[in-house]
1. State the extension gain, in nm to one decimal, for the chain segment bounded by ASP269 and THR236, taking 0.36 nm per residue of separation less the distance between their alpha-carbons.
2. For region 121-243, what is the relative contact order in percent, using Cα pairs closer than 8 Å and at least 6 residues apart in sequence?
3. Report, please, the projected area of region 116-249 averaged over directions, based on the convex hull of its C-alpha atoms, in nm².
4. Taking the highest mean first, how do the peptides 280-286, 323-329 order by number of other beta carbon atoms within 10 angstrom per residue?
5. Simple spin-label model, 7 Å along Cα-to-Cβ: THR347 to VAL127 in nm?
6. Can you order the peptides 301-310, 90-99 by their average number of other Cβ atoms within 10 Å per residue, highest first?
7. Under a Cβ-only charge scheme (Lys and Arg +1, Asp and Glu -1), can you give me the dipole magnitude of region 140-251 about the Cα centre, in debye to the nearest 20?
8. Could you sort the peptides 178-187, 200-209 by per-residue average Cβ neighbour count (10 Å cutoff), highest mean leading?
Amino acid sequence: GRGKMEPKQLQNQVVVLMGVCLLVSAIFFYDETKMLLDIGASSSFTVVLDVVKSDALPPSLAHVVAPPTEAFVMDDTNALFTVEGLRHMNETYADVNDWVITFIDQSYLETFDLWYRYYRTHDGSRVQHPRLLFLIALDNVAFTKLRQCLGGTPDIVVVRLDKEGAGKNESLLWEQRVLFLHQIIHELPQYNIVFTDVDAFWVRDPFTEIFYNSPSLRDADVIASRGRYPQECPLTNAGASCMGFIRFRNTLATRQYLTHVRDWLQDEDNQKDDQVAVNCVATSSLYEPVQEQLPFNKHNTALLTYRSNRTIMMAPSSDDDSHLTIGLLSYSVVPRYCKEQTSRWRTNSNIVIIHCLANKNAKSKSIAIQKNDLLLKGEWNESCTRHWSS
């Protein structure tokens with residue numbers, strides 16, 4: 001018939017067509033890759049293209065790495081808040097309610113390994129209360145090892161805070177923590193933020209025990225563990241908010257409060273200490289105490305309400321912006337003086353977080369862990385210890 005090709009002609013045309021398709025695909029992917037690299041070069045936010053390979057992870061984690069989440073490099077506190085960074089967080093973690101944030105330097109990697117083991121025991125509530133674990137490394141060693149071990153886990157983001165000296169200068173770190181918190185709470189208002197120290201061990205699930213199921217606390221703007229510092233401006237005569245374990249619900253009242261905290265820290269006359277700032281702002285002339293519910297003593301949690309004396313102009317919100325409520329957890333919920341309480345924590349259902357007072361160095365924390373019987377027994381396949389020591 002007319003137009004019929006010989007088999008040899010048809011084979012040649014198919015080969016030519018396949019070659020053209022391959023050439024077009026190569027040009028397309030080159031342009032796409034170049035665009036990604038140009039985005040990274042034009043901003044402080046960088047997508048790390050050499051994402052973690054599954055064979056770099058412990059076997060029990062390898063199954064969750066397809067496809068791996070991108071790792072982030074954060075060169076300063078603004079790096080996450082570029083157009084690209086915000087879009088990525090909003091799209092990738094659209095179903096998340098809370099960010100759990102902790103700061104880690106290389107000396108605390110082994111303490112973090114134990115903290116992470118406790119954290120993972122509460123995965124059962126992640127469906128009801130979805131959250132993102134946000135690990136901020138304070139030095140290159142911590143960043144490399146965290147990314148090697150956990151950077152491909154879908155519900156974890158590993159970033160680096162490359163603020164020169166922040167890992168060794170507590171005042172600088174505390175100020176950077178507040179600046180970072182203030183930016184998240186304003187730029188990403190759909191997320192609540194939990195700050196936790198890596199030696200504040202989650203022996204029970206705070207999401208089910210405190211944040212969402214406690215009738216007296218679930219609507220509080222801030223929920224904090226209890227401390228005695230700073231003594232010059234405690235929230236009540238029985239204690240102060242402790243930054244070692246604290247949750248900020250993303251409300252208008254919280255955003256106003258954290259703006260005051262940021263401004264307080266940036267005042268040259270004030271001490272560069274985030275725990276001093278969150279307490280002294282609430283007890284300053286900026287707020288007026290309204291009432292104290294739940295009588296505060298060793299065994300009870302306080303619910304404190306403050307009226308703002310200075311409203312900051314912000315976007316309209318359905319939240320009540322005239323009052324700030326702070327839940328201050330008792331020592332029976334978050335013990336600090338562990339010698340008295342932790343020997344029976346496995347049978348005491350009141351204890352949710354154990355955060356033992358110890359000197360601020362890794363060796364003292366390790367001794368406190370062993371003294372208070374906080375090491376978990378048995379094998380744990382997800383341990384990153386082999387990465388910390390390598």
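1. Stretched fully, the ASP269-THR236 segment lengthens by 9.5 nm.
2. Numbers: 96 pairs, mean separation 19.4, N = 123.
Once divided by the residue count of region 121-243, the mean separation gives 16 percent.
3. Numbers: hull surface 37.9 nm².
Average of the hull's projected areas for region 116-249 equals 9.5 nm².
4. 323-329, 280-286
5. My value for the distance between the label points is 3.3 nm.
6. Details: 301-310: 17.6, 90-99: 15.3.
Descending mean neighbour count gives 301-310, 90-99.
7. For region 140-251, the charge dipole is close to 180 debye.
8. Order by mean packing, descending: 200-209, 178-187.
Every read-out reported here was derived from the displayed coordinates using simple, explicitly stated rules and does not represent laboratory data. Bear in mind the structure is a predicted one, so any value in this text is a computation, not a measurement. Counting neighbours? That spans all protein chains shown, and the Cβs are built from the backbone with ideal geometry, glycine included.
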